[in-house]
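FYI, it's all coordinate maths here, none of it is from the lab. Since the model is a prediction, treat every value here as computed from it, not as a measurement. All Cβ positions, even for glycine, are placed from backbone atoms using ideal geometry, and neighbour counts span all protein chains on display.
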Amino acid sequence: MEFRAPNGVRNSLSGDTEAVETHEAVEALKALIIEKNLPQTDVAIFGIKCPYCGKSDRIHRLESPEDLPQSVDDEDTAQYGVLWHTLNPEAALLGVCKFCHNPLELQVRAGLAKVLDKGP
Ligand SMILES: [Zn+2]
């Protein structure tokens, strides 16, 4: 899927439903996570179960856009920022399962990881 320009998130999706927008943003974020090997802090949050694959020792918290390492270039950082804010409207934490590479919404205090893409 072509999904490079930071503002392509909105432009390419005008007229689509929110579910589709979320789906495409999740796919774009997932691709960026895999390409850049994010998060680069290698600390797993134990005891939170991945809703996709069921592993409970592979969930990592994603860096917020301001905390991305220098090795990620400006264009990718900008795209990451757009995707982060698209998927994270309530300032919940985002995480990723390092086993199945799916981005997740984290509720650390509740010990939960939730699917971001609720599906169409
Ligand atoms: Zn998983």
Of the residues that sit in the stretch 32-41 and are more than 16 Å from the ligand (Cβ to nearest atom) and outside any loop (DSSP other than H, G, I, E, B), which one is farthest from residue 93 (Cα to Cα)? 35
Scanning the stretch 62-114 residue by residue, the ones that are under 9 Å from the mean Cα position of the chain (by Cα) and not polar (S, T, N, Q) total 11
